[in-house]
Amino acid sequence: MAFIEVSALTKAYPVGQTRLTVLRGLDVSVERGEMVAIVGASGVGKSTLLHVLGGLDSIDAGSVRIGDTDLGQLPDADIVAFRNRHVGFVFQFHHLLPEFTALENAEMPMRIARLPAVERRQRATLLLQRVGLGERLEHKPGMLSGGEQQRVAIARALVMHPALLLADEPTGDLDEHTAETLHDLLREMHREHGLTSIIATHNPKLAAACDRILRLEDGRLRRTSLSSPPEPS
């Protein structure tokens, strides 16, 4: 059985007096250890799909199973705990807390989980060193470049040793050179941490580096290739 099983997933949002259906009976399976790219035009629902997979958003119909967990059957409090423990998120905009240092930002999921301070510091320090920020531990986000801030976000996403990494346009706000460096880092971390990774991206180089490329179109996913490249945002 696949690590991720999504069946007949439907998600709609209220728009005025009507509802806009973004995902329409979507089906997808992802094997443990796969790195999958989700491509498609802006606004088709890539972020919505990642939010549903990560328990950030509910579903209207269908089912979403991650490992042995059926997200649709979990109470809200259990979804929060599942998300913090098993899912790492990297967004286009890093969402670092500006008043905290790189180390404190990377520690945040462990603070939420109430892990001991010594363990928090050790884990976060090791990850920040691994992503090349060993000399930036006490720097606040405003003192870091865009690429460095995203490296902090990657470390933060991995401190709880998640099984699933969800990345939403993780290099979309970076220049080409910095983006390619981050692509390499994401692939390395995927392998080193034994992750299952799903990455929504407009970047053809990042998509090409994944095991599969799926295009989201008309609320459903279909396998594609770079012969039909991701549309620019």
Quick note on Phe93, Phe82, ordering by fewest other C-beta atoms within 10 Å, gives Phe93, Phe82
The helix 176-192 Cα axis meets the longest alpha-carbon principal axis of the chain at an angle in degrees, between 0 and 90 and rounded to 10, of 90
With the 8 Å Cα cutoff and a minimum separation of six or more residues, the chain has a relative contact order in percent of 29
Taking 214-220, 156-162 and ranking on average Cβ neighbours within 10 Å, highest first, one gets 156-162, 214-220
Among Asn203, Leu174, Ala163, the residue whose Cα sits farthest towards the positive end of the charge dipole of segment 144-233, when +1 is placed on the Cβ of each Lys and Arg and -1 on the Cβ of each Asp and Glu, is Ala163
Answer in debye to the nearest 20: the dipole magnitude of the chain about its Cα centre, from +1 Lys/Arg and -1 Asp/Glu charges placed on Cβ, is 280
Longest principal axis of the chain (C-alpha) makes with the long axis of helix 117-130 (C-alpha) an angle, in degrees to the nearest 10, of 80
Over all pairs of different Cα atoms in segment 34-129, the reciprocal of the mean inverse distance gives a Kirkwood radius in Å of 15.5
Scattering profile of segment 104-233 from the Debye formula, Cα beads only, expressed as log10 I(q)/I(0) at q = 0.18, 0.19, 0.20, 0.22 Å⁻¹, is -1.01, -1.09, -1.17, -1.33
Filtering trypsin sites (Lys or Arg not before Pro) in segment 24-68 by DSSP loop and by at most 14 other Cβ atoms within 10 Å leaves Arg32
So, for the Cα atoms of segment 4-223, Rg and Dmax in Å stand at 17.3, 53
Rounded to one decimal in Å, the inverse mean reciprocal Cα-Cα distance for segment 74-114, i.e. its Kirkwood radius, is 11.5
Ranking Ser47, Val64, Thr21 by how far each Cα lies towards the positive end of the charge dipole of segment 1-64 (+1 on Lys and Arg Cβ, -1 on Asp and Glu Cβ), the top one is Thr21
Restricting to lysines and to Cα separations under 17 Å from Lys46, and discarding same-chain partners fewer than 8 apart, the set is Lys11
Expressed in angstrom, Rg and Dmax over the Cα atoms of segment 148-200 are 10.5, 30
Under the 7 Å Cα-to-Cβ spin-label approximation, Thr21 and Gln73 lie apart by a distance in nanometres of 2.7
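Read the figures in this text as sums done on the coordinates, not as results from a lab. Please read all numbers here as calculations on a predicted model, not as lab measurements. Here the Cβ is made from the backbone with ideal geometry for all residues, glycine too, and neighbour counts use every protein chain on show.
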